[in-house]
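First up is the structure itself, then whatever we jot down about it.
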Amino acid sequence: MPIYEGMFLLDSARVAKDWEGTEALVTNVLTRYGATIKIKDRWDERKLAYAVKKQRRGTYYIAYFDAPPASVAEIRRDLQLTEGVLRFLILSWPTEVPVPEKIEIKRMVPDDDLKMGGRDDEMGDRRRDDDSDGGSSNSDSGARE
Amino acid sequence: MGYDDRGGGKFKRYGGDRNIGTGLGKGKCRFCRAKIAYVDWKDSHTLSRLSTGQGKMFSRKRSGNCARHQRQFNIAVKHARFMALLPYVAH
């Protein structure tokens, strides 16, 4: 059976009140449709980039599981109807990549390799605008001559 | 001959982070240098550093990514946006 990676965005208020119960919302759905959970953990509680179902904060929960492909559609349908799960994303995990042994998000690239240099900062947009302005005025003057 | 003498002009149009002359993974993209087989969409820190302040992805020219990793990066950003890890549009 293929391995799936699921990330579930849970309602933080609900998690604060009853963590086991909220976790069970997800794990019950998965196991009900014949999935075997390989590894699962709460990842992070953080501010969302934008409000989801009017919630500004959310708790991320990640699970890797084995499931028959046909049942994934059922799992998705069931999770859509589950209150407390704000949003979820289930992806098939690439077969050539080993399943992680622990839920932790590693930085893919070391920080000092992420420096983009001054010209790649937000200044870049302004500079591009300036360039296009300069280009057009040059061509105008060229036409007049 | 003249082409190479123009102070890195040959490489200038490839822009990005090719690190010409520093001897640091010359001509390789940063994901190749870190030997990443699968660009993880959950690492929002790295993805956001490869985006503008508004949340737009850097082009391959700006990010210096190779074709394969830029494709993976593109998909990763879209997954991360859906899960509210990254903004669709930042203000």
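Readers should treat all values here as calculations from the given coordinates under stated rules, not as data from a laboratory. This structure is a prediction, so every number in the text was calculated from the model and none was measured. Every residue, glycine as well, gets a Cβ built from its backbone with ideal geometry; the counts of neighbours run over all protein chains shown.
Annotations
- Average beta carbon contacts from partner chains per residue of B:31-40, 10 Å cutoff: 3
- Across the stretch A:83-88, rounded Karplus estimates of 3J(HN,Hα) from the backbone phi angles (6.51 cos²θ - 1.76 cosθ + 1.60, θ = phi - 60°) give 6, x, 9, 6, 6, 8 Hz, Gly and Pro being marked x.
- In terms of distances greater than 22 angstrom between alpha carbons, the cross-link table entries A:K40/A:K115; A:K17/A:K54; A:K53/A:K102; A:K102/B:K42 yield A:K40/A:K115; A:K53/A:K102.
- In nm, spacing of pseudo-spin labels at B:K78 and B:R33 (7 Å Cα→C-beta vector): 2.8 nm
- Potential lengthening between A:D18 and A:D66 on full extension [0.36 nm per residue; Cα-Cα distance subtracted]: 14.6 nm
- Per-pair calculated FRET efficiency, R0 = 30 Å: A:I39 and A:R77 via Cβ, rounded to 0.05: 0.80
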